[in-house]
Structure formats: C-alpha cells, structure tokens
1. Classify the stretch 185-276 as rounded, prolate or oblate, taking a ≥ b ≥ c as the square roots of the eigenvalues of its Cα gyration tensor: rounded when a/c is under 1.5, otherwise prolate if a/b is larger than b/c and oblate if not.
2. Using the basic label-point model (7 angstrom from Cα toward the beta carbon), what is the residue 240 to residue 43 distance in nanometres?
3. Evaluate the charge dipole of the chain about its Cα centre and quote only its size in Debye, nearest 20, assuming +1 on the Cβ of each Lys and Arg and -1 on the Cβ of each Asp and Glu.
4. So which of 68/209; 68/236; 68/153; 209/236 end up more than 32 Å apart by C-alpha?
5. Net charge around residue 201, counting only other residues with Cβ within less than 15 Å of its Cβ (Lys, Arg = +1; Asp, Glu = -1)?
6. Excluding residue 56 itself, what net charge comes from residues whose Cβ is under 11 Å from its Cβ, given Lys and Arg +1 and Asp and Glu -1?
7. Please give the length that would be gained between residue 228 and residue 55 if that part of the chain were fully extended, namely 0.36 nm times their separation in residues minus their C-alpha to C-alpha distance (nm, one decimal).
8. Indicate the gyration tensor shape class of the stretch 4-173 (rounded, prolate or oblate), computed on the Cα atoms with a ≥ b ≥ c the square roots of the eigenvalues: a/c under 1.5 is rounded; otherwise a/b larger than b/c is prolate and the rest oblate.
Amino acid sequence: MGSTIACIGSGVMGTALMRGIAGLGETIGFADTDRSKAEAAARSLGAGVYASNTEAADRGDYVFLAVKPQTLLGALREIAGTVQKRVAEGRPPALVSMAPGWPLGRIQAALAGGTPFPPGKAPPAARIMPNTPALVAQGVIALAVSPEFSLEKTRELEGLLASAGMVDLLEESYMDAVTGLSGCGPGFVYLFIEALADGGVRAGLPRDKALRYAVQTVLGSACMVRDTGKHPGELKDMVASPGGATIAGIAALENGAFRGAVMNAVEAACRRSLELGQ
C-alpha cells in the first residue's frame, strides 16, 4: 500500500498491531512519552522513532492512537494543531483510536479545539477494539469509522489490520459491548484454561500434561464452533450423553452459576469501558 503508519504509544497492543503491519512492508514509526519504550518497539520491528507526538501526527498517513483512555485527551490536545494544519492543507491524517469509551465525535471535537471543523471537513477517524491474540495474528479487531472515512480508505485500513487477525466493520454503538466481550474476553478464557488445568491436576494429571490438554481442548472446541457452523449448545449436546461424565460436569458448572458468571463478567467489563471514557 505504501502508507506511512505512525503509532503514538508503544505498549503491548499497539506494538502487536504494528508487528502485523510491518509484515506488509509499510513504513512504521513510534512516538511515546517514554522514548526508551518507543526505541525498544522500533528495534523489534525495524521501525523508526519520532521525536514527538506532533511529528508523528505530521508524518503519518495513518496515526494510531495506542494510548490509555485516561491519557487520550492529553495526546489529542498535543497533536490538535498539527492535525488542524493538515486538514487546512487538504492532507488530513486518518486517526485510528483503540481507547475504549471514547466516541469518534468526541475524538474529532478534541482535535478541533475551540472551533469545530466545518461540516464534512473533520479528519477521518476510526475506532478499533483489538484483543491480545493479535500478538499471534489471531486477534479479533472490531472497527468503526466516521463518515469522513472513504470506502477506499476503510478497505485499506481493513487490509492493514487483517495482518493481526479477523477484522469486523460494525456500527460504533456496538463498540463498548465488543470491549466487554472480545476485548476483555481473552482474560476470561485464560482464567478458564487455568481452572480447567487445575481440575486435571486435582484429578491426578501431572501439571504439564493438564495444561497442554486444557489448551488444546479449548482450541479444538473453538475450531469446532467456527468450522462446523453448529450452535455451541448443539455441540455441547453431542458430548453430553445421558447419565454420562460430561453432563455430570455440566451440572456442577450450572450449580456454580457458570453461565451467569460469564455473562456478568462481560457486562461488568462493558460498564467499566464506558467509565474509562468519562
């Protein structure tokens, strides 16, 4: 594609996405208030380092905002003048934020400062919600774009993000629910894998075997849902024979309110996502 990708922030998620994009041959540069972190991320990918966030905003065709929601406002205020200048020159950057709880309109308003952009003249902005499996190119990346994002630009961004996993374009109103489900979901799955392995150890398996079996069981079960197209409930019924071991285990999970606890976890994460954007 030949685009210049500037990433403001060099944490785990930003670096994971840039690793995938680097494989496409794009020009990548990092900026971070902690320059040593930006340099370390750049070294790992053969990327560059910008002297400041404003330089990143001036140089990038795409400017990824890979900062925490609590610090996003400060970063937006820092680059606002540069973005306004580029908009006036007719070369607006495409902003890509991964901060939960921050709507696109609020991002654009912060970049405009005290004077709103004229109608249709705001810089194109996108929100993404990736998850940590992007580190191994198996992520889920939900994508919502502002009206200023052209179809061509949207397709180009989808192509960049696809290097880290599955990309799904959706309405922005779904983004907080996505944060609670796929954004935070890996943490819930890791906890389940650990508990599954602990159960194996409790039943007498060596720790290394228990963990290996638990990982492959979760991976294989997920592939069954994806590849067969069958509902998880139908696949569950295929395993749970009458009076058998699986249905006994399912009954124990239900006694512990397993499904309700998982649903509550997603809802709690969604609520916290909204709070972080306040």
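Every read-out reported here was derived from the displayed coordinates using simple, explicitly stated rules and does not represent laboratory data. These numbers were taken from a predicted model, which means no experiment stands behind them. Every residue, glycine as well, gets a Cβ built from its backbone with ideal geometry; the counts of neighbours run over all protein chains shown.
1. prolate
2. About 5.3 nm, to one decimal.
3. Result for the chain is approximately 340 debye, rounded to the nearest 20.
4. 68/209; 68/236, as the Cα separations exceed 32 Å there.
5. +1
6. Counting the neighbours of residue 56, the net charge comes to -3.
7. 57.4 nm
8. Verdict is oblate for the stretch 4-173.
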